[in-house]
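See structure below.
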């Protein structure tokens, strides 16, 4: 990554990751195993029955950060955490490892107690509560993902055995239940636990895990989607998205076309019927009725975890079929929601990005909140480089215009992209290294909003393609070749999907906001209204 707002976001996040203490995040994992804690538990959600969820996010974040930046301290911390998890698991002796707790009345106890109850059929599942514990399988989904990331990104050989041991413990719980009881358990938010076991199968080739992944299919929500029916109104949005990512991963492992169709239908439905202009979705965390955006512009729109997960799903769909329109959405949410939910001054995160006039983002406190969107925020701002450059056969695809360098190993080529995008129109890509002249293609995404794109190679004009597609340059390349792309940005409006008079102003890919004063001073003026025969005629750009 080169100098840009994205690099600044990564650097701010790295400072936060360094400020957190792994031993404090591991507190409950050790006490659950009968080991003395090495640090006091953090506040906020980490002091509630969802304790431990942040450890999974954190282990993923430091693994991603090591892959993104090469920061050796992040790799060291990842290794330390895996060692501590292995020690806690060994102390339990049965594969169990977790940090969550459960409440019975005013008594808080170790969360392990609920699994004996589940195995004997005592299942009390209430949306976000399972037998007094706040979303334990959601919590474990984060832990599995982090162990896989530590293995893959940090080369940690101890991480997968911990995941296998935990998988065996969980398999034993579900083995005691019939299918109806499994569905009852799955009525409590469970993240993408189906994805966890699909991925465990992918890494071990053990069919046991694939069978369990298929069994952990929440039929109430997923079966209608598989049949092309919208089952989303009035249900919790981010509860559903990880399940769909699980279906996407299962399709990749089994070839099940029904799972792929459900994932595509879900994505299309959410983008068309439930998404706001910044790419986020949900009001007060829930999907409303479809195509009612104008009626749900409130102070609690666009939970940040939702966009984090929608971008993960988009990457799966793009891997199956590289369509530019998928990255038109990705760019929208990545720029206007993900980047916007981090405070650039402090590195802290917003749970919601509210779109109601006069509202303001509320950013987390470093050691006293630990909301879900703090956890996904740690991850989001550790991997801004992961979707810029793609390859497909002998084609290099450039999907995001973020200043960066890339090495294309199969072609022996090194690229450098320099740009101020999305605050500037010009993008320059230089082939800095190439072992010898080679024939391959470079495909540049032309955003759907862009008219009049201009493209040159070594100063010679080439066809720039059409909006919403790729400009493909296939030629014999040599070291020093230079691509110059200009994406003209004009002021424009977009209307809500149910009301043409509810509009947002955009400049290029960026959704604009009115400065209504400091966030700590409540806005008490009338809701802004724009009245004009030509809405855009009175606006002019100003220098920053």
**Message:** Test of understanding: extend the Cα→C-beta vector of residue 211 to 7 Å, then name every residue of the stretch 138-182 with backbone N under 15 Å from that spot.
**Reply:** 168-179
**Item:** Centroid-to-centroid separation of the stretch 376-438 and the stretch 125-147 [C-alpha atoms, Å]
**Value:** 37 Å
**Message:** Starting from the Kirkwood Rh over alpha-carbon pairs, what translational D in µm² s⁻¹ does the stretch 300-395 have by Stokes-Einstein at 4 °C and 1.567 mPa s?
**Reply:** 90 µm²/s
**Request:** Pull out a ≥ b ≥ c, the square roots of the eigenvalues of the alpha-carbon gyration tensor of the stretch 391-486, then state rounded if a/c is under 1.5, prolate if not and a/b is larger than b/c, and oblate in the remaining case.
**Result:** prolate
**Message:** For the chain, take the longest principal axis of its alpha carbons; what is the angle in degrees between that and the long axis of helix 53-69, to the nearest 10 within 0 to 90?
**Reply:** 40 degrees
**Request:** Kindly identify the stretch 446-544 as rounded, prolate or oblate by the Cα gyration tensor criterion: order the square roots of the eigenvalues as a ≥ b ≥ c, call it rounded if a/c is under 1.5, otherwise compare a/b with b/c, prolate if a/b is larger, else oblate.
**Result:** prolate
**Fill in**
For residue 469 and residue 21, extending 7 Å from Cα along the Cα-Cβ vector and measuring point to point gives, in nm, a value of 5.9 nm
**Asked** Once both axes come from the Cα atoms, what is the angle between helix 324-333 and the longest principal axis of the chain, in degrees from 0 to 90, rounded to 10?
**Response** 70 degrees
**Item:** the stretch 229-296 - percent relative contact order, Cα under 8 Å, separation 6 or more
**Value:** 40 percent
**Request:** Express the Stokes-Einstein translational diffusion coefficient of the stretch 8-94 in µm² s⁻¹, to the nearest whole number, given a Kirkwood radius over alpha-carbon pairs, 10 °C and a viscosity of 1.306 mPa s.
**Result:** 118 µm²/s
**Message:** I'd like the Kirkwood hydrodynamic radius of the stretch 170-291, using the inverse of the mean 1/r over distinct C-alpha pairs, in Å.
**Reply:** 14.9 Å
**Request:** Determine the relative contact order of the stretch 161-230: mean sequence separation of Cα pairs under 8 Å and six or more apart, normalised by residue count, in whole percent.
**Result:** 31 percent
**Request:** Could you please rank 26, 130, 397, 530, placing first whichever residue has the fewest other Cβ atoms within 10 Å of its Cβ?
**Result:** 530, 397, 26, 130
**Range of Cα positions in the stretch 255-311 per principal axis (Å), largest first** = 42, 21, 17
**Asked** Which whole-number percent is the relative contact order of the chain (Cα, under 8 Å, 6+ apart)?
**Response** 12 percent
**Message:** Could you list 473, 235 so that the one with the fewest beta carbons within 10 Å of its beta carbon is first and the one with the most is last?
**Reply:** 235, 473
**Asked** Can you sort 268, 425 by how many other beta carbons sit within 10 Å, fewest first?
**Response** 268, 425
**Peptide ranges 46-54, 510-518, 324-332 listed from the most packed, as the mean C-beta count within 10 angstrom indicates** = 46-54, 324-332, 510-518
**Complete:** From the Cα centre of the stretch 186-260 to that of the stretch 71-120, the distance in Å is 24 Å
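The numbers here are math on the coordinates, done by the rules we state, and not lab data. Just so you know, these numbers come straight off a predicted model, no measurement behind them. Neighbour counts run over all protein chains shown; Cβ positions are idealised from the backbone, glycine included.
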